[in-house]
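Everything below concerns the one structure shown next.
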Amino acid sequence: MGLKTPLYESHVSRGAKIVDFGGWDMPLHYGSQIEEHHAVRRDAGMFDVSHMGVIDLSGGRVREFLQRLLANDVGRIKNPGQALYSCMLLPDGGVIDDLIVYLVSQTEYRLVVNAGTRDKDLAWIRRHAADFDVAVRERRDLAMIAVQGPNARVPTASLLDPAQRAAALELQPFRGAEFGPWFIARTGYTGEDGFEIILPAVDAVECWNALQAAGVRPAGLGARDTLRLEAGMNLYGNDMDEHHHPLESGLSWTVAFEPGGRDFIGREALESARRAGGLNFVGLLLEDRGVLRSHQKVIAAGGVGEVTSGGFSPTLNRSIALARIPPPAGVSVQVEIRGKLLGASVVKPPFVRHGKALISV
């Protein structure tokens, strides 16, 4: 038996197929993964993401601490509620985790980290926080629900007091705010608009039921994975990990080399990697019949690479993947699938955003 979120019984009662995910018993789907995927692309769906780790940091030197801890620069977010996506690195540049950090006040920040890495994240954060006299608090008392899709924000706002609804609907992307005991941010992991709600665990079931009554469809991890893959969003453990740095994982944009004097953990290794060059992180469209999966061998002009994430795209109705290949990237490669070499086109992800294909199919 794995760990369970406050919504576990709700998933079981709705007939969800439960699977292990990072030690948690989570819903894979509620009957049709494809229908759940399309619901998010075309209307509104919701995901239980309470397995994610919420960590609150506080102290007079907390900003200084995060400027050391993270590859991106928290100095870029200046107003309460602003969010920043970043990687947390080892000294050799390997990725410990990718996360979102929210500015709460000048002495308080909130991190949202991945479920499968939360224990090692906490150990790493606490180890370095001690040097800055920063308090670290894991929030096991909170749950998290992601409401995603072109029509996701209105039903979410309808759960708030009338005086709060307009403020929620006016939130800009990568901004959040407190609405009573709830923290609502306009963020997500699907390539669609929507909100992520961080709320007391005791409120989770009532919130979930109210969203479903408002027409939001429950969706499981299966749809969440195909949506994020179409959106070109990395999955920790597949597309980046402790053995690969952000520059070879399509995450150069998350590394702030300026200001030059900011000595974040892993900077020296990334500076060396930037000078040396390295692997390309690309998208693949399979041209032959088959399914792209992680760890498949990719034969490219510059040598042999590997699929990091792959699967069937319900929106494009074909197989797609993210891959790490040696330069030059070229325009086509071959992928080894069940002993056969099948052709694939090299494209720049994302494949789909806001319900629209961004590449020619």
Practice prompt. List the number of the failed condition for GLY188; all other conditions in (1) within 21 Å of the chain's Cα centre (by Cα); (2) over 23 Å from LYS4 (Cβ atoms); (3) touching a residue at least 60 places away in the same chain (Cβ under 8 Å) hold.
Written response: (3)
Worksheet entry | Residue ranges of strands (runs of 3 or more DSSP E) in the range 298-361 with at least 3 members under 29 Å from ALA44 (Cα atoms) and either hydrophobic (A, V, I, L, M, F, W, C) or touching a Cys at 6+ places or on another chain (Cβ under 7 Å) (or both) | 318-325
Worksheet item: How about the range 155-170: which of its residues are over 15 Å from TRP208 (Cα atoms), modelled with pLDDT of 95 or more, surrounded by fewer than 20 Cβ atoms within 10 Å (Cβ to Cβ) and not acidic (Asp, Glu)?
Response: GLN164, ARG165, ALA166, ALA167, LEU169
Worksheet, complete the sentence: If we take the range 1-76, then helices (runs of 4 or more DSSP H) inside it with 2 or more residues that are closer than 29 Å to ALA269 by Cβ are 62-69
Discussion item. If a residue must be more than 17 Å from ALA71 (Cβ to Cβ) and among the small types (Gly, Ala, Ser), how many such residues does the range 91-128 contain?
Written reply: 4
Item to complete: Please work out which one of (1) surrounded by fewer than 17 Cβ atoms within 10 Å (Cβ to Cβ); (2) closer than 18 Å to TYR109 by Cβ is the condition ILE184 fails and give its number.
Response: (1)
Worksheet item: If you scan the range 77-104, which residues turn out to be outside any strand (DSSP E or B) and surrounded by 24 or more Cβ atoms within 10 Å (Cβ to Cβ)?
Response: GLY93
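Output the residues belonging to the range 113-143 that are part of a strand (DSSP E or B) and crowded, with 21+ Cβ neighbours inside 10 Å. Before you say what the answer is, go through the steps one by one.
Let us first name the residues in the range 113-143 that are part of a strand (DSSP E or B), namely 113, 135-138, 142-143.
VAL113, LEU142, ALA143 - these are the residues of the range 113-143 that are part of a strand (DSSP E or B) and crowded, with 21+ Cβ neighbours inside 10 Å.
For the condition farther than 21 Å from VAL136 by Cα and not assigned by TED's automatic domain parsing to the domain that holds GLU196, what is the one hit in ARG42, ARG76, ARG63?
On the way: ARG42 fails: not assigned by TED's automatic domain parsing to the domain that holds GLU196; ARG63 fails: farther than 21 Å from VAL136 by Cα.
On inspection, the qualifying residue turns out to be ARG76.
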Fill in: Residue that is at negative phi and assigned by TED's automatic domain parsing to the domain that holds THR187, where the choices are SER58, SER13, SER105, SER86
SER13
Worksheet item: Which residue pairs have Cβ atoms closer than 8 Å, lie 6 or more positions apart in sequence or on different chains, and pair a first residue in the range 292-305 that is in contact (Cβ under 8 Å) with a residue 24 or more places away in the chain with a second residue that is surrounded by fewer than 17 Cβ atoms within 10 Å (Cβ to Cβ) and of a type in the set (Gly, Ala, Ser)?
Response: ALA300/GLY330; ALA301/GLY330; GLY302/GLY330
Item to complete: Determine whether GLU108 is closer than 17 Å to ALA135 by Cβ, surrounded by fewer than 19 Cβ atoms within 10 Å (Cβ to Cβ) and either touching a Leu at 6+ places or on another chain (Cβ under 9 Å) or among the polar types (S, T, N, Q) (or both).
Response: yes
Worksheet item: Restricting attention to the range 204-218, does a residue exist that is within 21 Å of the chain's Cα centre (by Cα) and either under 21 Å from LEU99 (Cα atoms) or in the same structural domain as GLY310 (by TED's automatic domain parsing) (or both)?
Response: no
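Would you say LEU171 is farther than 21 Å from ARG224 by Cβ and either more than 22 Å from the chain's Cα centre (by Cα) or charged (D, E, K, R) (or both)?
Values: farther than 21 Å from ARG224 by Cβ: yes; either more than 22 Å from the chain's Cα centre (by Cα) or charged (D, E, K, R) (or both): no.
When the stated conditions are applied, LEU171 does not pass them.
The values are calculated or read from the model by the stated rules, or taken from the named source; none is laboratory data. Just so it is clear, the structure is predicted and the values come from calculations on it, not from any experiment. Glycine gets a Cβ as well: all are built from the backbone with ideal geometry, and neighbour counts include every protein chain shown.
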